[in-house]
Amino acid sequence: GLEHRIGGIEKQHITGNVNYDPENHHLMVRLRQEKVDRAANDIPLIEVFGEKTGKVLVLGWGSTYGSISTAVEKLQSEGKSVSSAHLRYLNPFPKNLGEALAGFETVIIPEMNLGQLCTMVRAKYLVDAIPFSKVKGRPFQIREIVRKVEEYL
């Protein structure tokens, strides 16, 4: 008990001894991935705010929440077909994210970076999500998101 082994690329399954066997390494990589995949059972499903299907879904995470939700509420009050969803978990994604994305003609992902989430969403779900990146050290203004969404309505 209370021991930790350091060294090597991999630990042997069960014993934890340093191990360089390719088959053991393959097994351990798969076991770790299965743990991540099972974590999806313990995280909440993604909630779509607004209609569950429509023209535009604005998908965000982190600090974009306030700007996105306010912009989408404004557009919804004007009768526009736009909804929003906000991710709290990125790996794994919520189990129903693919289904939520599929309900919309266009998915826009505003990010305060170079579009890493958009890249992940496109790769995992094969959705032609639209990146909307802002790397200026300032949060999105509501009008910026409104303008971007209006391009796709």
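The values are calculated or read from the model by the stated rules, or taken from the named source; none is laboratory data. Because the structure is predicted, anything quoted here is derived from the model rather than measured. FYI the Cβ positions are ideal-geometry reconstructions off the backbone, even for glycines, and counts take in every protein chain you see.
Does segment 27-38 contain at least one residue that is part of a loop (DSSP other than H, G, I, E, B), modelled with pLDDT under 95 and out of contact with any Leu (no Cβ under 8 Å at 6 or more places or on another chain)?
no
Consider segment 84-123. How many of its residues are among the basic types (Lys, Arg) and either under 20 Å from residue 147 (Cβ atoms) or surrounded by fewer than 17 Cβ atoms within 10 Å (Cβ to Cβ) (or both)?
Final tally of qualifying residues: 2.
What's the total number of residues in segment 1-26 that are outside any loop (DSSP other than H, G, I, E, B) and among the hydrophobic types (A, V, I, L, M, F, W, C)?
Of the residues in that region, 1 qualify.
Can you list the strands (runs of 3 or more DSSP E) lying wholly within segment 39-153 that have 3 or more residues being within 12 Å of the chain's Cα centre (by Cα)?
The qualifying strands (runs of 3 or more DSSP E) are 54-61, 82-87, 104-111.
Looking only at segment 1-28, count how many residues are of a type in the set (A, V, I, L, M, F, W, C) and surrounded by 11 or more Cβ atoms within 10 Å (Cβ to Cβ).
Residues meeting the conditions: 3.
For every residue, the table says whether it meets (1) touching a His at 6+ places or on another chain (Cβ under 6 Å); (2) of a type outside the set (Ser, Thr, Tyr).
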residue: 46; (1), (2): no, yes
residue: 52; (1), (2): no, yes
residue: 65; (1), (2): yes, no
residue: 69; (1), (2): no, no
residue: 80; (1), (2): no, yes
residue: 87; (1), (2): no, yes
residue: 94; (1), (2): no, yes
residue: 123; (1), (2): no, yes
